[in-house]
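Novice: Following this message is one structure expressed as structure tokens.
Derivation of every value follows stated rules applied to the coordinates shown; laboratory data play no part. What you see is a predicted model; the values in this text were computed from it and never measured.
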């Protein structure tokens, strides 16, 4: 009998494959996205030192429904504002193994519109 792997296990495999070539530095950190059914989380990470520079989430913003496109847009705008305060202008976008579609692309587009270079 063949064991069927879960969607999240497949996403983690894709994320590891992406991370082989993608890395963040202090000048150009990595913007990582994690998407759950009910929330969306974003971190800006310096992989050289292994530290999180800035983070935001739909839970932190206390949105009524954190699992939709509007919440992703709000989180994208918030992370761009926080990056400006931390003097971060350019980031490398890490989609976390998810398709660049729906909430993930809405977050990236909102961050771009708010002035963050991806």
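Novice: Within the chain, what percent of beta bridges assigned by DSSP are antiparallel, to the nearest 5? All intermediate terms of the calculation are to be shown ahead of the outcome.
Specialist: On the way: 12 of 16 bridges.
Given both bridge residues lie in the chain, the antiparallel proportion sits at roughly 75 percent.
Novice: Right, something else. Between region 59-76 and region 102-117, what's the alpha-carbon centroid distance in Å?
Specialist: Between the Cα centre of region 59-76 and that of region 102-117, the gap is 13 Å.
Novice: A further question on this structure: With each run of n ≥ 4 DSSP H residues scored as -39500 (n - 2.57), what mean residue ellipticity at 222 nm is computed for the chain after dividing by its residue count and rounding to the nearest 500 deg cm²/dmol?
Specialist: Calculated at 222 nm, the ellipticity per residue is -11000 deg cm²/dmol.
Novice: First obtain the Kirkwood hydrodynamic radius of the chain from its Cα pairs, then insert it into the Stokes-Einstein equation at 37 °C and 0.692 mPa s, and state the resulting D in µm² per second as a whole number. Please report the intermediate quantities before stating the final value.
Specialist: On the way: Rh = 14.5 Å.
Rounded to a whole number, D works out at 227 µm²/s.
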